[in-house]
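The values are calculated or read from the model by the stated rules, or taken from the named source; none is laboratory data. The shown structure was predicted, so the numbers you read here are calculated from the model rather than taken from an experiment. Here the Cβ positions follow ideal geometry from the backbone for every residue, glycine too, while neighbour counts run over all protein chains shown.
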Amino acid sequence: MQLSDFNNIDIKTAGNLPWPMKAALLALLAAAIFAAGYLFLISPNLKELKAEKEKEQGLRDEYMVKKVQAMKIKAYEQQVVEIQQTFGTLLKQLPDKSEMDGLLTDINQAGLSQGLAFEEFVPMPEVFAEFYAEKPINIKVLGHYHALGAFMTEVAKLSRIVTLHNLQIHPANKEDKQPRKDILVMEAVAKTYRYMDADEVAARKTLESKAGKK
């Protein structure tokens with residue numbers, strides 16, 4: 001069988017062709033059908049399949065990103081809970097307005113219990129912050145070195161927050177009430193902090209706003 005044998009093929013009499021030629025024609029026809037099918041049916045579907053796979057991979061990547069974000073959100077939520085718990089604990093250490101007088105008494109009693117003599121115990125005007133008020137108290141006490149240390153320890157043990165600032169310690173002199181060599185004078189500013197409730201915070205902001213407009 002030669003290629004020239006295919007030049008004179010009549011489609012009407014193709015059934016009478018020798019079997020090798022029939023097989024060749026069928027192979028050519030199958031190849032043509034496959035090529036047409038690939039071109040018009042399979043190729044577009046392959047492109048669509050490729051696009052869908054790329055889309056699937058994009059969705060997988062997006063899922064992994066969101067999964068990591070979700071894990072971080074859970075960690076952040078836990079941190080918020082812990083911060084709120086810590087904040088609540090600290091907030092309980094801030095006295096409200098009704099407890100301030102008692103706290104001032106506690107500070108005074110902490111010094112007297114150590115045998116200290118108060119020359120000054122002067123509460124100063126409050127300094128207001130966003131949600132709390134700071135109450136400075138100028139103090140001047142006389143006593144032995146160890147008694148002064150014990151006093152600061154007692155202040156630190158108070159259930160409410162009290163801090164000591166501008167601490168100065170020097171020997172007592174003739175102007176002090178107890179001029180003895182072993183007596184020291186401690187001057188400091190004790191600061192305690194008062195929690196302001198929502199109503200007081202709102203009232204303060206209103207006052208500040210009115211003052212700012214004047």
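Quick notes on this one:
- Every condition in (1) modelled with pLDDT under 85; (2) over 20 Å from Met100 (Cα atoms); (3) assigned to a strand (DSSP E or B) is met by Tyr193 except one, and the failing one is (2).
- For segment 155-171, taking the residues that are within 32 Å of the chain's Cα centre (by Cα) and loosely packed, with under 13 Cβ neighbours inside 10 Å, the one that is modelled with the highest pLDDT is identified as His165.
- Yes/no for Lys135 being at pLDDT below 90 and crowded, with 17+ Cβ neighbours inside 10 Å: yes
- Here Met152 does not qualify as of a type outside the set (Phe, Trp, Tyr), at pLDDT 90 or above, in contact with a helix residue (DSSP H, G or I) (Cβ under 7 Å, 6 or more places away or on another chain) and surrounded by 13 or more Cβ atoms within 10 Å (Cβ to Cβ).
- Given (1) at pLDDT 90 or above; (2) surrounded by fewer than 19 Cβ atoms within 10 Å (Cβ to Cβ); (3) out of contact with any Lys or Arg (no Cβ under 6 Å at 6 or more places or on another chain), number of the condition Ala129 does not satisfy: (1)
- Consider segment 108-142 and keep the residues that are of a type in the set (S, T, N, Q) and without any contact (Cβ under 8 Å) to a residue 24 or more places away in the chain. The one that is nearest to Val185 (Cα to Cα) is Asn108.
- Residue check, Pro95 part of a loop (DSSP other than H, G, I, E, B), on the phi < 0 side of the Ramachandran plot, surrounded by 10 or more Cβ atoms within 10 Å (Cβ to Cβ) and at pLDDT below 75: yes
- Test result for Glu208, at pLDDT below 90 and either outside the structural domain of Gly111 (by TED's automatic domain parsing) or of a type in the set (A, V, I, L, M) (or both): yes
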